[in-house]
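**Q** There's a structure below that I have some questions on.
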Amino acid sequence: MSPDPWAAGRILALPGRGPRLLFGRMYEDPRVEVRAFPAAPARVLCIASAGDTAAALARAGHDVTAIDVNPVQLAYARARVDDGAPAVAGSAELVLTAARRTAAAVLPWWRVEALRAFLDLDDPRVQSQWWRTRLDGPGLRLLMGAALRPAGVLTAALAPGFRHVVPARFDTELRARVARVLARHPNTDNPLLAGLLAGRAPRPRVGVPCPPGTVRFVLGDVAEHLESVSAGSYDAVTLSNVLDGPGPAYRRRLRAAVDRAVRPGGAAVLRSVGGTGDTAAALRAAEERCPLWGSLYVTTTGGTR
């Protein structure tokens, strides 16, 4: 994978030297991995990111290796998993905080008190109606369009490696994904939605350290790592976001590396923010409690299930 932008840790095209923390939290639902992976204890590989998925898999009884190309991100995940260090804001969270403050400043239903009442709902039908009649109004559509369309303020400010990942009508896509999540998952059982919309800390948090040595941390490119280990070294892998950045050549290389390093019949989970046009993968994304994802693949050696 290209060291930019993942290794740099900058979601926006801002000057600076050295890598920074990109993600202070993870925005993927570990229930997907827990359900898809073989019975514990399995040998699994995940992207370290903020450490949440690694910790969830370790607590499910798996033997976990967490890899990241960004040394700052890897050290942060290690501190959270091994020492129970608290979450801090990375580049992604700073952008989300600015977006939430802008919405709250101009849209009454997006202020903290009103949003808290919405996130305390537990009936998908009521949630969906609330979304349609209060939150997803003309004001939100105007703000999201101004930020997330190809010439939008936020899209134009993204680092080049991230800019091409954003769909042409990401404002419309994201609103539809939120509606999809609300129609299926109770808000009270969706810390990922609360974290995204209101900045609430997702629970369960890493907070309590995992047993020493439960997770091994590796600094490096995931394709190179998979190519370097013995064939069949892993029973399962989860590589969310990895395919959103690089081009077709890296995708082919990574697929071959996964097929080699994961034992026959093992599992692989891949998510895409941008979506891929694959209807089945888009439908699978409905299993996710986080609305960021456009496609969700759960594959085995030799096919998709």
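**Q** Given the options T155, T214, T172, T188, name the one that is under 25 Å from I67 (Cα atoms) and among the polar types (S, T, N, Q). Walk me through it before giving the result.
**A** On the way: T155 fails: under 25 Å from I67 (Cα atoms); T172 fails: under 25 Å from I67 (Cα atoms); T188 fails: under 25 Å from I67 (Cα atoms).
Going through T155, T214, T172, T188 in turn, the sole match is T214.
**Q** Taking the condition assigned by TED's automatic domain parsing to the domain that holds V181 and either more than 19 Å from T188 (Cβ to Cβ) or in contact with a Lys or Arg (Cβ under 7 Å, 6 or more places away or on another chain) (or both), does L135 pass? First the steps, then the outcome.
**A** Values: assigned by TED's automatic domain parsing to the domain that holds V181: yes; either more than 19 Å from T188 (Cβ to Cβ) or in contact with a Lys or Arg (Cβ under 7 Å, 6 or more places away or on another chain) (or both): no.
For L135, the condition - assigned by TED's automatic domain parsing to the domain that holds V181 and either more than 19 Å from T188 (Cβ to Cβ) or in contact with a Lys or Arg (Cβ under 7 Å, 6 or more places away or on another chain) (or both) - is not met.
**Q** In region 147-172, what count of residues is obtained for those that are of a type in the set (A, V, I, L, M, F, W, C), surrounded by 15 or more Cβ atoms within 10 Å (Cβ to Cβ) and out of contact with any strand residue (DSSP E or B) (no Cβ under 8 Å at 6 or more places or on another chain)?
**A** 6
**Q** Pairs please, first residue from region 247-265 and assigned by TED's automatic domain parsing to the domain that holds T299 and surrounded by fewer than 16 Cβ atoms within 10 Å (Cβ to Cβ), second anywhere and part of a helix (DSSP H, G or I) and among the small types (G, A, S), Cβ atoms under 9 Å, 6+ apart in sequence or on different chains.
**A** Correct list of pairs: A256/A223.
**Q** Quick one: in region 205-243, of everything that is more than 17 Å from A267 (Cα to Cα) and in contact with a Gly (Cβ under 6 Å, 6 or more places away or on another chain), which residue is modelled with the lowest pLDDT?
**A** The extreme case among them is V206.
**Q** So, in region 261-275, how many residues would count as being more than 11 Å from Y297 (Cα to Cα) and assigned to a strand (DSSP E or B)? Please lay out each step first, then the result.
**A** Taking region 261-275 as the starting set, the residues that turn out to be more than 11 Å from Y297 (Cα to Cα) are 261-266, 273-274.
Filter again for assigned to a strand (DSSP E or B), leaving 262-266.
Here the count works out to 5.
**Q** Please specify each residue of region 49-82 satisfying the condition of being on the phi > 0 side of the Ramachandran plot and under 18 Å from the mean Cα position of the chain (by Cα). Full working, then the answer.
**A** Initial filter on region 49-82 (on the phi > 0 side of the Ramachandran plot): 49, 51, 61.
Across region 49-82, the qualifying residues are S49, G51.
**Q** Residue by residue through region 287-305, note down the ones that are at pLDDT 85 or above and not polar (S, T, N, Q).
**A** E287, E288, R289, C290, P291, L292, W293, G294, L296, Y297, V298
The values are calculated or read from the model by the stated rules, or taken from the named source; none is laboratory data. Because the structure is predicted, anything quoted here is derived from the model rather than measured. Cβ atoms come from the backbone with ideal geometry, glycine included; neighbour counts cover every protein chain shown.
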